[in-house]
1. Looking at the structure I just gave you, is B:Q54 of a type in the set (S, T, N, Q), without any contact (Cβ under 8 Å) to a residue 40 or more places away in the chain and more than 14 Å from chain A (Cβ to nearest Cβ)?
2. Return the pairs, sorted by first residue and then second, in which the second residue is open to solvent by 40 Å² or more (accessible area, probe 1.4 Å) and part of a loop (DSSP other than H, G, I, E, B), the first residue lies in segment B:139-159 and is in contact (Cβ under 8 Å) with a residue 60 or more places away in the chain and closer than 22 Å to B:V216 by Cβ, the beta carbons are less than 7 Å apart, and the residues are 6+ apart or on different chains.
3. Could you give every pair whose Cβ atoms fall below 6 Å, whose first residue belongs to segment A:238-262 and is more than 8 Å from chain B (Cβ to nearest Cβ), and whose second residue is assigned to a strand (DSSP E or B) and open to solvent by 10 Å² or more (accessible area, probe 1.4 Å), counting only separations of at least 6 or pairs across chains?
4. Just for segment A:180-205: of the residues that are open to solvent by 20 Å² or more (accessible area, probe 1.4 Å) and closer than 22 Å to B:L362 by Cα, which one is farthest from the chain's Cα centre (by Cα)?
5. Quick test of your reading of the structure: B:C366 fulfils all but one of (1) touching a helix residue (DSSP H, G or I) at 6+ places or on another chain (Cβ under 7 Å); (2) more than 7 Å from chain A (Cβ to nearest Cβ); (3) at pLDDT below 95. Name the failing condition by number.
6. Could you pull out the residue among B:T226, B:T201, B:T253, B:T234 that is of a type in the set (S, T, Y) and closer than 19 Å to B:L48 by Cβ?
7. Give the residues of segment A:159-176 that are open to solvent by 10 Å² or more (accessible area, probe 1.4 Å), in a loop (DSSP other than H, G, I, E, B) and touching a Lys or Arg at 6+ places or on another chain (Cβ under 8 Å), sorted by residue number.
8. Given the options B:V90, B:V37, B:V74, B:V94, name the one that is over 30 Å from B:A152 (Cβ atoms), surrounded by 20 or more Cβ atoms within 10 Å (Cβ to Cβ) and of a type outside the set (S, T, N, Q).
Amino acid sequence: MGEEKGNVKWQMNQKCATIGFHANPGSKAVKTRVSLFVTCIVDQVFPQVGIAMTQVLERLGYPVDFPAAQTCCGQPAFNSGYPEEAGIVARHFLNTFRDSEYIVVPSGSCASMIVHHYTDIFANEQKTLEQARSIAPRVWEFSRFLIEVAGVEDVGASFDGVVTYHDSCHSLREMHIKEGPRRLLSKVQGLTLREMEPAEECCGFGGTFSVKFPEVSGGMARTKIESILKTEAGTVVSVDSSCLMQIQGAIDRARLPIRTMHLAEVLAGR
Amino acid sequence: MTGQPSETINQTLGDARLQLAIYSATNRLMTHRAGAVRADLLPDYQELRTEANQLKKHTIEHLDHYLELFEKNVIAHGGKVVYCSDSQEVADFVLGLAKERGAHLIVKSKSMTTEEIHFNERLEKHGLEAVETDLGEYILQLAHQRPYHIVAPALHLTRYDVAEIFSKNLGVENEVVIEKQTKIARAALREKFLHADIGVTGANFLVADSGAVVVVENEGNARLTTSAPKIHITVAGIEKLIPRAQDLGVFLTLLGRSATGQPLTVYTSFLSGPRRNGEIDGPDEFYVVLLDNGRTKLLADPEKRQSLYCIRCGACLNHCPVYRKIGGHNYPWVYSGPIGAIITPQFHGVLKDPWLPFASSLCGACAEVCPVKIEIPKLLLKLRSEVTDAQRRQGVGGVERLAFGIWAWVMTHPRIYLMLARIGGIFLPLLPKVGPLGKWASQREVPKLAKTSFHQWWKAREVPK
């Protein structure tokens, strides 16, 4: 009983799957196609993060596609005081992902841009605003997709070593992603998670802030690294590649033997 | 960025002693706050924040009504209300009153509003003596410095600094023991209290339905300021109004906890009118100066007017990683940190310090701890776009605008994006280290562009199918 095709539970599951919630999390029965939005920084600088994300999703049985017209979410312009230019790029995103049911993003910051700020940009453009509103619930930050849609914590990964997790600001404070990545890490075989204090303090990246106020931004990165060093972890994990680029850049400048990894890379490891 | 005080910012960053002072003081304040709003001690903390936000929103949107109600109730208690549109009018009023009453000495308790209008300097020009009686403010007055922090004005000074300031200005021995330093200050200040003609305070809240001025403090100096001299003048911004005395249940619960982690400050004074017949203390005359000084300008913008909700707890400063690096004096006005970054451009115009709204990583720590839920990052973004708009109208900032224009065009033409990305991958390492790349490289290693982009990887992967 329960899994027969056509019964009430099966019907519910079918309906729920199309709007983003499975009545039966983790079920292998219904897997909707997911569209990757890898973000411009992963595309150009950290493609291994996108590859890892693809591997994890496919291992879980999700058919994955990659809308080839994708570029950027528009955040660099938006955060620099150019909402109009950001809007041009945002509109391109909305068109590119118009038909996607699940849009999975390896960045809480880019996901937040789409979910929270597109509606600000298009506040006075009714039609585009509706498009933005309709796409928001279909945008999933990678770790949240795993926990809430795929319904998994243990993806069968293994990792040898001590890691510490950096809460990237937009993931934490705009997307409220805090426990998910930690739960996923805690299920990775051989991995020890050691929290830094404080894990929630900004790394200092902040987009163009990092080049408009380089000394302040660099100082913030060095403070972050001090917190990391105290954990004696060999690896820093986060769900945002841009923070990791900042942290790794400062680590390399200080010639420290620490590496940064996106959560997807850890979860793809076997 | 244009106009930013890079030199002094770098001095602050390079001063290890100062960095430690800022870091440990803000750390202490953060820890205390976190302890005071813990879910087991204050289970309805988030609901209180929402309520405080709603109360402020309501008040600010009905300020005309509450101003009149407050005035009516102050008068009913025998006090007087004076409306001032700017600092000059405040000075004129106080000077006029001092002249009429033959007053020379003014004692003051801590007030950001009077800092905002350079109250002391204006009065001193006319031969009056105005003495700060809050310990931190007193030290700063002697040292001729402005507050470093909204709540902890001398946060950047160590006891060794204070010893030097005291010995230089008060003719005392170099004293580094903090308890002894407070005794020195107390002795000097008691004399001032006893001889003061006028006491001036700010206000934390102006209660409309009772006409009361509420002042919170820890040192007892505000209480002396409001009871020893014959005249008490409150100088407060019009945004300090709250509708009812019962609303203090929300605001006092949040203010001390957010500021210093105290459930309540040591003293909470409710001041309503001069001393009445049969009362043993209190001033003979009671004035409330309601100051605009640009506040009604902020009121005009439906989104940004939430900046006026601020109750000056300083939590956003303590939690701001930028404030914690650059400290208070690199901000252009007396209000520093995230709240300073959103109100300064609104008071002074966005082009006066165009760099200010950009001096944030938009980490959002400020909004997370704000007891009245001001959406600081959102307002910073709004102000950033106002800066670039104003610059365009002035014909400046064209290079950046052009760059983002080209960027937007490239990002909406995937073929061009892919082509440029490939070229960039080859040429980026050869670019001279100037411009943004050089700025990046001044602090950290430049990441290498990947040999194969994700786009290319995906395309290659699809071929076998």
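1. Yes, satisfied.
2. From segment B:139-159, the pairs are B:Y148/B:H329.
3. A:L244/A:T260; A:I247/A:T260
4. A:E197
5. (3)
6. B:T253
7. A:M175
8. After applying the criteria, what remains is B:V74.
The values are calculated or read from the model by the stated rules, or taken from the named source; none is laboratory data. Note that the structure is predicted; figures quoted are calculated from it, not measured. With ideal geometry, Cβ positions are generated from the backbone for all residues, glycine too; neighbour counts draw on all protein chains shown. Ligands, DNA and RNA are stripped out before the accessible areas are found, and what is left, the full protein with its side chains, is counted by its heavy atoms. Shrake-Rupley method; radii C 1.70, N 1.55, O 1.52, S 1.80 Å.
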